[in-house]
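The values are calculated or read from the model by the stated rules, or taken from the named source; none is laboratory data. Remember, predicted model here, so these are calculated numbers, not experimental data. Note that we place each Cβ from the backbone using ideal geometry, even for glycine, and neighbour counts take in every protein chain shown. For accessibility, only protein heavy atoms count, side chains too; no ligands or nucleic acids. Shrake-Rupley method; radii C 1.70, N 1.55, O 1.52, S 1.80 Å.
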Amino acid sequence: MSETIEGLLRARYGTAPTPPAGPTNDVVRAILDHRSVRAFRPDPLPAGTIETLVAAAQSAPTSSNLQTWSVVAVEDPGRRARLAEFSARQGFIREAPLFLVWCADLSRLGRIGAARGAALTGLDYLEMYMVALIDAALAAQNAVVAAESLGLGTVYVGALRNKPAEVAAELSLPANCMGAFGLSVGWPDPARVTEAKPRLPQSIVLHRETYRPESDEDVERYDSDLAEFSRRNAMAGGGWLERVMSRVGGPQSLSGRDRMREILTRLGFGLR
Ligand SMILES: Cc1cc2nc3c(=O)[nH]c(=O)nc-3n(C[C@H](O)[C@H](O)[C@H](O)COP(=O)(O)O)c2cc1C
């Protein structure tokens, strides 16, 4: 990668003060250069890509080494199309040759316990659902970093949670296992690349010793940086504040996910 650390930091923080570069190497530079890819070439992935990404995912830390996640690799175009329908019809799920469904999976430990005559009722607690979700997210992000280092593009799909029961049926997921989010993987279409998206300034997210609420001035500067970014990259959504208001304005903004507790209970999670 040719970009300097200073250039990458400037891109990440827009017009906000750029943090000092600090120690760096190719891994840090690659991580700082992340962007989601939503436009893919149809070309297939090299043999062994899925296994490499899963090995990277399994190399992530996992709470108590319980490994409470699974991933379903979906290549079949028909199944990808159906999963796209369940996921707000996002077209890139059909376009990219691989769709990985990352699952919070408490079913495996349940089966392993049952086979040994143990009920493992500790799995019935909200805490264990959180463990499974955190495990799945850490694993998936390792796969993302690995994929990007290979020149592949990825985008997460939280909209997969719009229809968790339909996703579970499509993938034959057992009770106590849910598709937490998807990940499209493929070769980025070079004709439709985007810049790295600016993030909130460190003055807002980095608290030293104790928490200090953000200043309005920093928030507004970020809002206008993001609006500029959206304009430059022909992306919908405008500024950040507009996005925040529409995404979490009320239960109606959650695309059916406001009923998540009820849906998870039906999928077998205890959540006590
Ligand atoms: C858990 C999760 C779910 C996401 N779901 C979607 C999605 O359904 N559709 C989409 O286009 N992007 C989705 N994204 C991508 C985010 O929109 C993206 O990461 C964010 O806007 C920052 O942009 P960047 O990844 O290009 O830096 C998701 C990201 C995460 C972490």
Restricting region 191-204 to residues that are β-branched (Val, Ile, Thr) and open to solvent by less than 40 Å² (accessible area, probe 1.4 Å), the one nearest to the ligand (Cβ to nearest atom) turns out to be 194
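What are the residues in region 132-147 that are open to solvent by 50 Å² or more (accessible area, probe 1.4 Å) and within 13 Å of the ligand (Cβ to nearest atom), if any?
Kept after step one, since they are open to solvent by 50 Å² or more (accessible area, probe 1.4 Å), are these residues of region 132-147: 133-134, 138, 141-142, 145.
Within region 132-147, 133, 134, 138, 141, 145 meet the criteria.
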Across region 154-190, which residue is surrounded by the fewest Cβ atoms within 10 Å (Cβ to Cβ) among those that are under 12 Å from residue 37 (Cβ atoms) and small (Gly, Ala, Ser)? 186
Could you look through region 97-117, keep only residues that are hydrophobic (A, V, I, L, M, F, W, C) and outside any strand (DSSP E or B), and pick out the one that is surrounded by the fewest Cβ atoms within 10 Å (Cβ to Cβ)? 115
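Tally the residues that are among the basic types (Lys, Arg) and either part of a helix (DSSP H, G or I) or within 12 Å of the chain's Cα centre (by Cα) (or both), restricting the search to region 118-169.
As a first pass, look at region 118-169 and keep what is among the basic types (Lys, Arg): 161, 163.
If we keep only those that are either part of a helix (DSSP H, G or I) or within 12 Å of the chain's Cα centre (by Cα) (or both) too, we end up with 161.
Qualifying residue count, region 118-169: 1.
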Among the listed residues 53, 45, identify the single one that is outside any helix (DSSP H, G or I) and away from the ligand (no atom under 15 Å from the Cβ). 45
Cβ pairs under 7 Å, 6+ apart, first in region 72-94 and over 16 Å from residue 37 (Cα atoms) and open to solvent by 30 Å² or more (accessible area, probe 1.4 Å), second within 16 Å of the ligand (Cβ to nearest atom) and of a type in the set (Ser, Thr, Tyr): 88/255
Reported set for region 203-219 where residues are touching a residue at least 12 places away in the same chain (Cβ under 8 Å) and out of contact with any Ser or Thr (no Cβ under 9 Å at 6 or more places or on another chain) is 219
Do you know which of the residues in region 205-223 that are out of contact with any helix residue (DSSP H, G or I) (no Cβ under 9 Å at 6 or more places or on another chain) and part of a helix (DSSP H, G or I) is most open to solvent (accessible area, probe 1.4 Å)? 217
Go through region 7-42 and give me each residue that's small (Gly, Ala, Ser), within 15 Å of the ligand (Cβ to nearest atom) and within 28 Å of residue 206 (Cα to Cα). 11, 14, 30, 36
Filter region 85-98 down to the residues that are under 16 Å from the mean Cα position of the chain (by Cα) and within 20 Å of residue 172 (Cα to Cα), then identify the one that is farthest from the ligand (Cβ to nearest atom). 98
